[in-house]
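Every read-out reported here was derived from the displayed coordinates using simple, explicitly stated rules and does not represent laboratory data. Worth saying up front: this structure is predicted, and the values here are computed from it rather than measured. Note: ideal-geometry Cβ built from the backbone for every residue, glycine included; neighbour counts use all protein chains shown.
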Amino acid sequence: MIGRLSASGRLMVALVGISAIVGLIAAKLNTSGQLQVAAATTHAFVDYPDPSIVDARALPQHEAALQQRAELYGRLIATTPLLKRIADRAGVPDDQISAVARTTAPVAITLTQPSSEERASQIQDSRMPYRLELQADPVEPILAVYSQAPSVDEAERLGDATVLGLRDYLRDLAGRQGFPESKQARVSQLGAAQGAVVSGHATLLIGGLTFLVAFGLTFAGLWALVRLRRRRQPLVTIPRRVTARAAETADGPANDDWPGTTRVLPWMLAGFIAMVWLVPFNTIELPSALPIDLKLDRLVLPLVGVAWLLAFASGGLKAPRWRLTRIHLALGAFVACAFLSVIFSAAYLNQTLELELALKKLPLLIAYVSVFLIVATSVRPSEVRAFMTLTLVLAVVCGLGIIWEYRTDENLFTIWSERLLPGAFSVAGDLTGIDSLDSLGRRGVVGPAEVGLEAVSMLAMALPIALVGLLRGGPTKRRILYGIAACVLVAAMFATLRKSALLAPLAVVVTLVYFRRRELLSLAPLGLVIAIIVAALSPGAVHGTIDQFLRSDAQTVATTSDRTADYDAIRPDLWSHLLFGRGYGSYDPATYRILDSEILTRTIETGVIGLVAFLMVGVSVVLAARPTIIGRDPTYSSLALIGAAAAVCFLVVSALFDVLAFPHATYIFLIMAGLVAVVVARDPQPVPKRERRSRGGRTRGAHERGPADAILQPARRAD
Amino acid sequence: MIISLVAASVAALWSVQRISLFPLELTPRSLEVATASTHVVVDTPKSALVDLRQDTYGMEALRNRAVLLGNVISSTKVREDIARRLGLPVEELRIQAPLTEEQSAPPVDSENARKTSDILQANDQYRLNVQANATVPVLDIYSQTPSAESAEVLANAAVEALRTYLNELAVAEGTDAEDQVQLIQLGRAHGAVINGGVNWQVALLVFMVAFSICAATVIFVDRVRAGWREASLSGTAGA
């Protein structure tokens, strides 16, 4: 049967076969060893010998004293002498057991976040196959004991042995001190430990994921090699279909471009962009019993995805088109690193019961990337400007809403979402922002975002659209409108009262200065006008923001010192998983530290290689856009410049907060990146001879390729 | 290609070994991170662990005492004793005293002040972190050093030096044994390296980075030279 296939068919079968073999070997290797994890639970009750605390005569202070004993005994169990006794009683090796006693009392979060030294100890303990976790009830004298072992029987024995081991230790201590047994604290077990297997499908999950990733990467690698080899062969024929399409997109059927089109996909995309800018979708949820939260974007995005697939399957000239750019490669590399990080640490994550967390985050990453792919394939080059204009309009509406929130304490986005959405949805946003004062006493002015920093990031990424619009010149009326838009965006950023309101737009301006020094200099007087209007729109906000940098304790306020402390505290995580990290999405801030930096989160979760891949996503947008920007194409260079500035802004805010955890900002960046991909991979337009001559010795942009390039380019894609 | 390979190999070797030319020798770099921990209950002679007559106020007093003793560990005298037990110059030892609700971060002018550049620091540090539990009189002592042995010695030395200090103080002030605070060390510290095999990872990473940079530089230089050649040829042809 294979003999009947064409050469390309046989090649495909060979690639699939080799990839499948590699995938199977990788899956086999990654699932070798003990992957079953069982857990058991029991509770210990700390009581007076006689009369019991349950007795009606007991006073509240008696209960408090016993609760403190329960907390103390939890700490006691997590020490070597107790663990040895427990291991002896449970019949498990005493050098393979570890324990952690969690702080359940209401203390400041900075005291519960592990320092570098404590984290190093936690990492060592987390590798033990037999583990105990002790949690004292914050009110009652009850100690919860959670045990973990490779089998249910061992986990239950370990749970039971914990209480017995504690009793043994206390009895021996009392004996050594000559303390009468009748006056000792009584520790009773509230029922035998009940266990179950908690990683029943670990082999299947790890094996399946490993196979898929190894298969996919091998296939992609081999396919790239084949393509490279073919590219070197001379191209002689250009399919008529492709040239027809090239001519169509180059000249642009103006009457079929969005918004003057009946194509469904661009309209759905526009709707999605509007939702990202105006709806607090991350706080809107459809209650369900599914393992994932049904947030609004997770309901809308699949619809867009299905429409995209249908459009793709239908084919024809109006179908989405693949245009491979550096941005695609960088995003692909990052996704590959994310999956590899989970696969390499799969056994460890399974042992620490964090595999499920990572497996839930990977589909979210795919969802992010799918937004980029949909934009990059569905939008036509001639539609990019319209989508940029839509983005700016929505950003201005969003900015006005944020300014309104700053001035009136009313979050219109949350209020209107609650009113307009059907009752089945629950909206959890703060309507006023007053409830969420931070440690510096700043109100949570957030607009449709979840935190102020996210709102700043969103607006800052839209700011270059307004600034580049001003730079481009054109009719005065249009320039005034762009100027007003810039004022609203900057005023809205300051209205969030975040320090980033200075840093994020600065990143945008620096990028514009780099590429368009002279033009931007001519706008300097306008800066003064903008400053005055901004101060009028958000009174007090500019001063309040700048003051945060100038106050005497600027370096020691919690928002700064917490961030700075993270850099030292994560060193054990970095050094223990240097290359690929501990697994994408596996670092739970609630368990470890709240890291206010995507750079640090990437370093921990995806290692140094994953961090470089993440940074390359932003850098690739700038690199891909650069030739078009410096080519000064009258139509596309400004669009590429907007994308580059947004990418630099995204990289800067990545150092300020965990941006991937906040979908508004991430979606906006990926939409911008998708639009840049469309611009830089557009089909070359035939450049009139006169125009080419006038461009003289400047660097040749994509649009300035020679006629031979113009002919060959589509043919290469046709491969 | 060969130039890039050689340069990358030298860089990889340099990343894991200190290279000395006179005399020619290689000294391993400290890339490993070792940890050890021990726990101390601050107790009364009649242990509060079993004696239920110690009420919440008694426990609160002991907890405050634990914070105080944690701070004593970072004092000059005890610090010098710890460094001596470890055979280390005292200035190489970094001790973090317990943080509390009132002092939740190290002072900015202290040796423990946090900086973003901390992430780039070498691993040949001798660090001790003393934490006082917020609710019960327990001191958690964590050490971090380049080797398992030194981590173990450091954590244990902290307890021993504190105990020695308290004993000397009791003798000097004539405090009765039954009035002294008791330090119950709950098991000796046991050290372990958390990033075994890190040398290979670092060498591989540095090799890849150095090779990429070298290869890119070689290609760039080659292209520049080709450009010059082309320019000179076209100049000759034009002439």
* In what sequence, highest mean first, do A:289-302, A:66-79, A:489-502 appear when ranked by Cβ atoms within 10 angstrom? -> A:489-502, A:66-79, A:289-302
* **Part-to-part distance (alpha-carbon centres) for the stretch A:471-517 and the stretch A:1-41, which is given in Å** => 51
* Among the aspartates and glutamates, which have Cα under 14 Å from the Cα of B:Lys115 when same-chain residues fewer than 8 positions away are ignored? -> A:Asp562, A:Asp566, A:Asp568
* To do: Largest first and in whole Å, give the semi-axes of the stretch B:40-89's equivalent ellipsoid, each being the square root of 5 times a Cα gyration tensor eigenvalue.
  => 30, 12, 6
* Per residue, what volume in Å³ does the convex hull of the Cα atoms of the stretch A:243-395 enclose? -> 146
* Selected from A:Thr162, A:Thr80, A:Ala101, residue furthest toward positive end of dipole (the stretch A:38-197; charges at beta carbon) -> A:Thr80
* Structure fact -> Each label sits 7 Å from Cα toward the beta-carbon; between A:Asp547 and A:Leu204 the label points are separated, in nm, by 6.0
* When DSSP assigns beta bridges and you keep just the ones with both residues in the stretch B:92-162, what percent turn out antiparallel, to the nearest 5? -> 60
* Can you list the trypsin sites (Lys or Arg not before Pro) in the stretch B:64-146 that are in a DSSP coil and have 13 or fewer other beta carbons within 10 angstrom? -> B:Lys115
* To do: Filter the GluC sites (Glu not before Pro) in the stretch B:90-137 down to the DSSP loop ones having no more than 11 other Cβ atoms within 10 Å, then list what survives.
  => B:Glu101, B:Glu102
* Listed peptides A:471-479, A:99-107 by packing density, highest first (mean Cβ within 10 Å) -> A:99-107, A:471-479
* Rounded to the nearest 5, what is the percent of antiparallel bridges among the DSSP beta bridges in the stretch A:38-197? -> 80
* Structure fact -> In the neighbourhood of B:Arg229 defined by beta carbon distances under 11 Å, the net charge of the other residues (Lys, Arg +1; Asp, Glu -1) is 0
* To do: Determine which residues of the stretch A:351-368 fall in the zone a paramagnetic label at A:Leu290 would reach in this model, i.e. backbone nitrogen under 20 Å from the point 7 Å along Cα→Cβ.
  => A:356-368
* Give me the distance in nm between label points sitting 7 Å out from Cα along the Cα-to-Cβ direction at A:Ile415 and A:Leu228, one decimal. => 5.9
* Once the Cβ-Cβ distance between A:Trp267 and B:Val209 is put in as r, and R0 is 51 Å, what FRET efficiency do you end up with, to the nearest 0.05? -> 0.65
* Restricting the count to DSSP beta bridges whose residues both fall in the stretch B:90-211, what percent are antiparallel, rounded to a multiple of 5? -> 60
* **Ranked list, fewest to most other Cβ atoms within 10 Å of each Cβ, for A:Val306, A:Val369** => A:Val306, A:Val369
* Once phi is turned into θ = phi - 60°, what whole-Hz ³J(HN,Hα) does the Karplus curve with 6.51, -1.76 and 1.60 give for every residue of the stretch A:121-133, x standing for Gly and Pro? -> 5, 4, 4, 4, 5, 5, 8, 6, x, 10, 9, 10, 10
* Structure fact -> Two pseudo-spin positions, 7 Å from Cα along C-beta at A:Ile366 and at A:Ala428, lie apart in nanometres by 2.4
* By what distance, in whole Å, do the Cα atoms of the stretch A:38-197 stretch along each of the three principal axes, largest value first? -> 46, 38, 33
* To do: Calculate one ³J(HN,Hα) per residue across the stretch A:186-199 by plugging θ = phi - 60° into the Karplus curve 6.51 cos²θ - 1.76 cosθ + 1.60, and present them in order as whole Hz with x for glycine and proline.
  => 9, 10, 10, 8, 8, x, 5, 4, 10, x, 7, 6, 10, 10
* Asked: Taking only Cα atoms, what is the 0 to 90° angle, nearest 10, from helix B:148-173's long axis to the longest principal axis of chain B?
  -> 30
* Could you work out, residue by residue across B:126-132, how many beta carbons of other chains sit within 10 Å of that residue's beta carbon, and then give the average as an integer? => 3
* Asked: Just counting partner chain Cβ atoms within 10 Å, what average do the residues of peptide A:564-570 show around their Cβ?
  -> 6
* **Positive dipole terminus of the protein assembly as shown, leading residue within A:Gly200, A:Ala462, A:Ala338 (C-beta point charges)** => A:Ala462
* Structure fact -> A correct Karplus calculation of ³J(HN,Hα) over the stretch A:99-111, with 6.51 cos²θ - 1.76 cosθ + 1.60, θ = phi - 60°, whole Hz and x for Gly and Pro, returns 8, 9, 9, 7, 7, 9, 5, x, 10, 4, 4, 5, 7
* Structure fact -> To the nearest 20 debye, the stretch B:65-215 has a Cα-centred charge dipole, built from +1 on Lys and Arg Cβ and -1 on Asp and Glu Cβ, of 500
* Within 10 Å, count the other beta carbons around each residue, average over each peptide in B:12-20, B:228-236, and list them highest first. => B:12-20, B:228-236
* Structure fact -> To the nearest 20 debye, the stretch A:63-137 has a Cα-centred charge dipole, built from +1 on Lys and Arg Cβ and -1 on Asp and Glu Cβ, of 100
* Quick one: which residues, 5 or more positions from A:Gln189 or on another chain, have an amide H under 5 Å from its amide H? H modelled 1.01 Å from N in the peptide plane, none for Pro or chain starts. => A:Phe45
* Calculated FRET efficiency, B:Val10 and A:Leu440, Cβ-Cβ r, R0 51 Å, to nearest 0.05? -> 0.55
* To do: Return the calculated 222 nm mean residue ellipticity for chain A, to the nearest 500 deg cm²/dmol, obtained by summing -39500 (n - 2.57) across DSSP H runs with n ≥ 4 and dividing by the residue count.
  => -20500 deg cm²/dmol
* For an R0 of 25 angstrom, estimate the FRET efficiency from the Cβ-Cβ distance between B:Ser110 and A:Ala64 and round to the nearest 0.05. => 0.10
* Structure fact -> Net charge (Lys, Arg +1; Asp, Glu -1) of residues whose beta-carbon lies under 10 Å from that of A:Gln184, A:Gln184 excluded, is +2
* Consider a paramagnetic label point 7 Å from the Cα of A:Ala220 along Cα→Cβ; state which residues of the stretch A:620-634 have an amide N under 18 Å from it. => A:620-621
* Towards the positive end of the charge dipole of the stretch B:34-193, with charges on Cβ (+1 Lys, Arg; -1 Asp, Glu), say which of B:Gln144, B:Gln185, B:Gln131 has the farthest Cα. => B:Gln144
* Asked: Under the definition of Cα pairs under 8 Å and six or more residues apart, what whole-number percent is the relative contact order of chain A?
  -> 16
* Asked: Taking neighbour Cβ counts within 10 Å as the exposure measure, how do A:Val152, A:Val446 sort from fewest upward?
  -> A:Val152, A:Val446
* Counting other beta carbons within 10 Å of each Cβ, put A:Thr218, B:Thr35 in order, fewest first. => A:Thr218, B:Thr35
* Equivalent ellipsoid, the protein assembly as shown (semi-axes from 5 times Cα gyration tensor eigenvalues, Å) -> 57, 33, 30
* **Evaluated over the stretch B:34-193, the Cα radius of gyration and Dmax, each in Å** => 16.1, 51
* Spatially proximal lysines relative to A:Lys295 (Cα-Cα < 21 Å; intrachain offsets below 8 disregarded) -> A:Lys360, A:Lys361
* Structure fact -> Under the rule rounded for a/c under 1.5, else prolate if a/b exceeds b/c, else oblate, using alpha carbon gyration tensor axes a ≥ b ≥ c, the stretch A:521-649 is classed as oblate
